[in-house]
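Chemist: Below you'll find the structure I mean.
No value in this document is a laboratory result; all are computed from the given coordinates. From a predicted model like this one, the values you see are computed outputs, not experimental measurements. So basically every Cβ, Gly included, is an ideal-geometry build from the backbone, and we count neighbours across all protein chains shown.
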Amino acid sequence: MALILLTVAPTRGVEIEPRGGGGGGGGTTNVWLQPLASESERARRVGRRGEELVYRMELQKVRDMGLTNPELYVVWTSQDEPGADYDIRSIDINGQPRWLEVESTPGVDGRFEWPRREFEKALRERDRYELWRVYRVADKELVAKCFTNPARMLGARQITLELGMLRANIEKLD
């Protein structure tokens, strides 16, 4: 088995420019096409590889905290529950829960699909939620970055959301 090296790079806290909408050529379209089965399978393998590497790293982190059975504290939830609102549950140094969402790419870009349930989990958990981005997942030398509390990053413009449609619901008039 080939040696795989996962390097954790620091985040820089840079401001992200929103993508332009419409306009001149090369823009996005409003047409959604269902991915081909081969594309879905490839995306599943890319995601699984990134999750597995972060899971193994978390096991080692918990082991380094002096706990001999890290599998009791680090659970790869999405492996058994693909629709879960996080991928990995772990603990911090004080034994408090941490929720990890892993988004992987074979490239170096920062764009990913963020399902609503996962986004809402990030809003609820705040500092206990970590968004891990694994870059170059098909290489032997991958790089991962951890973004703690992406909900706070929204206010600092360190993350942007692209919304095709925003629908709200508030209390009705009685």
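Chemist: Quick one: which residues, 5 or more positions from Y129 or on another chain, have an amide H under 5 Å from its amide H? H modelled 1.01 Å from N in the peptide plane, none for Pro or chain starts.
Modeler: For Y129, the qualifying residues are W99, N149.
Chemist: Here is a follow-up. What ranking do L3, L59 get, fewest neighbouring Cβ atoms within 10 angstrom at the top?
Modeler: Fewest to most other Cβ atoms nearby, the residues stand as L3, L59.
Chemist: I've got another one for you. Can you tell which of Q60, I170, I159 lies farthest toward the positive end of the dipole of the chain, using +1 and -1 charges on the Cβ of basic and acidic side chains (Lys, Arg; Asp, Glu)?
Modeler: Working it through, the farthest residue towards the positive pole turns out to be I159.
Chemist: Right, something else. State whether the stretch 42-155 is rounded, prolate or oblate according to the following rule on the C-alpha gyration tensor (a ≥ b ≥ c being the square roots of its eigenvalues): a/c under 1.5 gives rounded; otherwise a/b larger than b/c gives prolate, and the remaining case gives oblate.
Modeler: oblate
Chemist: Can you list the lysines whose alpha carbon sits under 27 Å from that of K121, skipping same-chain ones fewer than 8 residues off?
Modeler: K61, K145, K172
Chemist: For the chain, the longest stretch holding no GluC sites (Glu not before Pro) located in a DSSP loop with at most 11 other Cβ atoms within 10 Å is which?
Modeler: 16-112
Chemist: Using a 10 Å cut-off around each Cβ, can you sort I91, I170 from fewest to most neighbouring Cβ atoms?
Modeler: Fewest to most other Cβ atoms nearby, the residues stand as I170, I91.
Chemist: OK, next. About its Cα centre, what dipole magnitude does the chain give when the only charges are +1 on Lys and Arg Cβ and -1 on Asp and Glu Cβ, stated in debye to the nearest 20?
Modeler: 260 debye
Chemist: Another question, if that's okay. Whole Å is fine, so just give me how far the alpha carbon centre of the stretch 114-174 lies from that of the stretch 30-81.
Modeler: 17 Å
Chemist: So what's the net charge close to Q79: Lys and Arg +1, Asp and Glu -1, counting the other residues with Cβ under 12 Å from its Cβ?
Modeler: Around Q79, the surrounding residues sum to -2.
Chemist: Tell me, what HN-Hα J-couplings in whole Hz come from the Karplus equation 6.51 cos²θ - 1.76 cosθ + 1.60 at θ = phi - 60° for each residue of the stretch 53-60, using x for Gly and Pro?
Modeler: 5, 5, 4, 4, 5, 5, 4, 5
Chemist: Pick out, in residue order, every one of the trypsin sites (Lys or Arg not before Pro) in the stretch 100-174 that is DSSP loop and has at most 10 other C-beta atoms within 10 Å; say none if there are none.
Modeler: Sites meeting the loop and neighbour criteria: K140, R167, K172.
Chemist: Using only Cα atoms, tell me the angle between helix 116-125 and the longest principal axis of the chain; keep it within 0 to 90° and round to the nearest 10.
Modeler: Helix 116-125 and the main axis of the chain meet at about 60 degrees.
Chemist: On to the next question. Would you mind counting up the charge near R42? Only other residues with Cβ under 13 Å from its Cβ, with Lys and Arg at +1 and Asp and Glu at -1.
Modeler: +2
Chemist: Based on DSSP H runs of at least 4 residues, each adding -39500 (n - 2.57), what is the mean residue ellipticity at 222 nm of the chain after dividing by all its residues, to the nearest 500 deg cm²/dmol?
Modeler: The helix contribution divided over the chain gives -8500 deg cm²/dmol.
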